[in-house]
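To start, the structure under review is shown below, and the notes come after it.
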Amino acid sequence: MRGLATILVTGGAGFIGSNFIRYLLDGKSGFTGRVINLDALTYAGNPANLAEIEAAYGGDRYFFEKGSIGDAALVDGLFERYRPDTVVHFAAESHVDRSILGPRAFIETNVLGTFTLLEAARKHWKGGRDDALFHQVSTDEVYGSLGTDGAFTEETPYNPRSPYSAGKAAGDHLAMSYHHTYGLPVTLSNCSNNYGPRQFPEKFIPLMIQNMLEGKDLPVYGDGKNIRDWIHVEDHNRAVWLVLNRGKAGEKYNIGGENEWENIRLLETLIAITARKTGRGERQIRETITRVSDRPGHDRRYAIDCGKIKRELGWKQEIAFEAGLEQTVDWYLANQDWVKNIQSGEYRRWIEVNYGGR
Ligand code: NAD
Ligand code: TDX
């Protein structure tokens, strides 16, 4: 029987982690324990993502700890102090383009940080604990790139092709190796592209929405025909919660939207929604689409076969894509203060470095 009394969430101030903590504590999940959020607050981490949670549960069911998962003494101290029975490991450097321009942080966090967490769990859960679980949150990108047919299954061999996905793959292999070698109870999930509120506006959907709102160019890499499988962040996190409750140690679960879109078609849909909501002309926004040079090593297509989690854990997607996109555009329209706050000097520098030359 899983403990699920004290959950150590890493990277809980980011996009998916903050949504997960909200889901845990807002009553929908049925979780009754407490959450420790360990987050280094890199450029992508934002305590404002959990301001209401802090106000409602801070010091009682919610504890924020600022620090790096790579800081062994800190992580060890947190295991001592809070004695978590569950780790849900979201913390990562998560942006492919940044990994191309500066891979080091990706190795430090996604590989060495994951290793440090696993070492702490191994030490503190030694002797075998039926109630404990280390859940590694991963991505479909570790499987590589697909041609026009087929989808990744849990048996597809890993074939990462960017420093981001190579780092995630290394972390995943380490996590599974701790299960096989030390008997650490580990589960792993590989999810496709997430979207929804509070996603950092370096990623495709929020970047395009924000650029439209600011009247800027919409930079499409290459021919715009790369395909991603999109899933709403809430559908992803319900799946993670199910795995924590009922997933089998040593097992991997694919999570996907079964919702493949060429980038350019997705952008056209986003333009239509945003034009309608802002009263701006669709044609006028379309004219700002700008073809820029391609991402080096750009994976062509991702698609996830998520039959296993559907069959074995009874999960399914609940948020239809059009409705989810509408909700997401509405969220960015209503939360321009959130966006302005994170458009720091560092963010502006990134936009200059990534898009300046293309
Ligand atoms: P994000 O970049 O929005 O958030 C990452 C969080 O991790 C931030 O709060 C950041 O401060 C924190 N962090 C980074 N380095 C850290 C460190 N060394 N120590 C502690 N905290 C650190 O990322 P996201 O999109 O929310 O992704 C979360 C996880 O989900 C990642 O593991 C990612 O690989 C995985 N994932 C993401 C997607 C997606 O589409 N975004 C899809 C599948 C899987
Ligand atoms: O400006 C852009 N123009 C563009 O054409 C950006 C930022 C992206 N793109 C393309 C590249 C991809 O084909 O859009 C697609 C989506 O790009 P991202 O949002 O950067 O996502 P992706 O590279 O697919 O990776 C995402 O999904 C898997 C997340 O960032 C990862 O963290 C996750 O693991």
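Would you please name the residue that is surrounded by the most Cβ atoms within 10 Å (Cβ to Cβ), looking only at residues in segment 123-140 that are of a type in the set (D, E, K, R) and farther than 17 Å from LEU174 by Cβ?
Selected residue: ASP140.
Look through ILE264, ILE285 and report the one residue that is in contact (Cβ under 8 Å) with a residue 12 or more places away in the chain, surrounded by 19 or more Cβ atoms within 10 Å (Cβ to Cβ) and either of a type outside the set (D, E, K, R) or closer than 19 Å to GLN327 by Cα (or both).
Selected residue: ILE285, the only one of ILE264, ILE285 that is in contact (Cβ under 8 Å) with a residue 12 or more places away in the chain, surrounded by 19 or more Cβ atoms within 10 Å (Cβ to Cβ) and either of a type outside the set (D, E, K, R) or closer than 19 Å to GLN327 by Cα (or both).
Residues that are within 16 Å of ligand 1 (Cβ to nearest atom) and farther than 24 Å from VAL233 by Cα: does segment 120-142 have at least one?
So far as segment 120-142 goes, yes, one or more of its residues are within 16 Å of ligand 1 (Cβ to nearest atom) and farther than 24 Å from VAL233 by Cα.
In this structure, does PRO160 turn out to be within 13 Å of ligand 2 (Cβ to nearest atom) and free of Cβ contacts under 8 Å to residues at least 40 places away in the same chain?
Considered against the rule, which asks whether it is within 13 Å of ligand 2 (Cβ to nearest atom) and free of Cβ contacts under 8 Å to residues at least 40 places away in the same chain, PRO160 comes out as yes.
Within segment 13-31, can you find the residues that are outside any helix (DSSP H, G or I), away from ligand 2 (no atom under 16 Å from the Cβ) and modelled with pLDDT of 95 or more?
The answer is SER29, GLY30, PHE31.
When segment 316-337 is examined, which residues are found to be crowded, with 17+ Cβ neighbours inside 10 Å and either touching a Phe, Trp or Tyr at 6+ places or on another chain (Cβ under 6 Å) or part of a helix (DSSP H, G or I) (or both)?
Correct list: PHE321, GLY324, LEU325, THR328, VAL329, TYR332.
Only one of LEU25, LEU41 is within 16 Å of ligand 1 (Cβ to nearest atom) and without any contact (Cβ under 8 Å) to a residue 60 or more places away in the chain; which?
LEU41
Could you list, in sequence order, the residues of segment 314-358 that are farther than 23 Å from ASN49 by Cα, among the basic types (Lys, Arg) and away from ligand 2 (no atom under 16 Å from the Cβ)?
LYS316
Taking strands (runs of 3 or more DSSP E) that do not extend beyond segment 127-243, which have at least 3 residues that are under 19 Å from the mean Cα position of the chain (by Cα) and of a type outside the set (Gly, Ala, Ser)?
Filter on segment 127-243 gives 133-139, 186-191, 193-195, 227-232.
Please find, within segment 168-221, the residue that is nearest to ligand 1 (Cβ to nearest atom) out of those that are hydroxyl-bearing (Ser, Thr, Tyr) and surrounded by fewer than 20 Cβ atoms within 10 Å (Cβ to Cβ).
Across segment 168-221, the extreme among qualifying residues is TYR221.
Okay, residues lined up against (1) among the basic types (Lys, Arg); (2) within 21 Å of the chain's Cα centre (by Cα); (3) loosely packed, with under 14 Cβ neighbours inside 10 Å; (4) within 16 Å of ligand 1 (Cβ to nearest atom):
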site: ASN254; (1), (2), (3), (4): no, yes, no, yes
site: ALA275; (1), (2), (3), (4): no, no, no, no
site: GLY279; (1), (2), (3), (4): no, no, yes, no
site: PRO296; (1), (2), (3), (4): no, no, yes, no
site: ASP299; (1), (2), (3), (4): no, yes, no, yes
site: ALA303; (1), (2), (3), (4): no, yes, no, yes
site: CYS306; (1), (2), (3), (4): no, yes, no, yes
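Look through segment 85-104, keep the residues that are over 18 Å from ASP39 (Cα atoms) and in contact (Cβ under 8 Å) with a residue 40 or more places away in the chain, and return whichever of them is farthest from ligand 2 (Cβ to nearest atom).
ASP85
Are there any pairs with C-beta distances below 7 angstrom linking a residue in segment 68-84 that is closer than 16 Å to LEU4 by Cα to a residue that is of a type in the set (Gly, Ala, Ser), with the two at least 6 apart or on different chains, and if so which?
PHE79/ALA120
The values are calculated or read from the model by the stated rules, or taken from the named source; none is laboratory data. Computed from a predicted model, the values in this text were never measured in an experiment. Note that each Cβ is placed from the backbone with ideal geometry, even for glycine, and that neighbours are counted across all protein chains shown.
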